[in-house]
Amino acid sequence: MQEILGELPQPKLKLLVVDDESSIRRHLHSLAESLGFEVSTASDGIEGWQAFITERPQLVILDIYMPRMNGLALLSKIKADAPECPVVLITGFLNYEQLIKAGGDKPDGCIIKPLNLKKTGDLLLRLAHQHQGDAVGEPA
């Protein structure tokens, strides 16, 4: 893995990863844990909403296309409940901009599959710093 610049602000932030692909959940869990996040995962939108309500993470990563509740629906629920919580969408589709222009709540970032661990790590650290009020670096 390429070196990721920066470190996680303290105290340790909670990150929720919601993706129906177990390999993506494992990679993101491992990456985020190595950056110092406290990580939990869910495999679909309904499980993700339950985890969000229970665990109150400070940062969320959502796949767009999932069973039972898609990422855009979950994004709307999270932003209605906690508008200050940064949410990143992850998708294998390059039509991200078209999905967002369709209206609704806007995510705070996007990760395009296949995962680039350095870019993903840098994005997570940037959002963590912004969430804690000490933003560094340029938007991704």
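Observations, loosely collected:
- Cross-chain or 6+ apart pairs with Cβ under 8 Å, segment 105-124 first and within 18 Å of Ser34 (Cα to Cα), then at pLDDT 90 or above and part of a loop (DSSP other than H, G, I, E, B): Leu124/Phe37
- Flag if Val17 is crowded, with 17+ Cβ neighbours inside 10 Å, under 27 Å from Gly133 (Cα atoms), in contact with a His (Cβ under 7 Å, 6 or more places away or on another chain) and modelled with pLDDT of 95 or more: yes
- If the condition is being buried (at least 17 other Cβ atoms within 10 Å of the Cβ), over 12 Å from Arg68 (Cα atoms) and not aliphatic (A, V, I, L, M), then segment 37-53 contributes Phe37, Ser40, Thr41, Phe52.
- Residue-level check: of (1) within 25 Å of Gln132 (Cα to Cα); (2) modelled with pLDDT under 95, Val60 misses just (2).
- Hey, Asp81 loosely packed, with under 14 Cβ neighbours inside 10 Å and either modelled with pLDDT of 85 or more or of a type in the set (Phe, Trp, Tyr) (or both) or not: yes
- Hits in segment 14-31 - residues which are hydrophobic (A, V, I, L, M, F, W, C) and out of contact with any Gly (no Cβ under 8 Å at 6 or more places or on another chain): Leu15, Val17, Ile24, Leu28
- Elements of type strands (runs of 3 or more DSSP E) in segment 12-81, at least 2 residues being of a type outside the set (Lys, Arg) and more than 19 Å from Lys106 (Cβ to Cβ): 14-18, 38-42
- Pro139 being of a type outside the set (Gly, Ala, Ser), modelled with pLDDT under 85, more than 24 Å from Ser43 (Cβ to Cβ) and not in a helix (DSSP H, G or I): yes
- Qualifying residue in segment 47-60 (condition: in contact (Cβ under 8 Å) with a residue 40 or more places away in the chain and touching a His at 6+ places or on another chain (Cβ under 7 Å)): yes
The values are calculated or read from the model by the stated rules, or taken from the named source; none is laboratory data. A quick note: this is a predicted structure, and the numbers were derived from the prediction, not measured. Every residue, glycine as well, gets a Cβ built from its backbone with ideal geometry; the counts of neighbours run over all protein chains shown.
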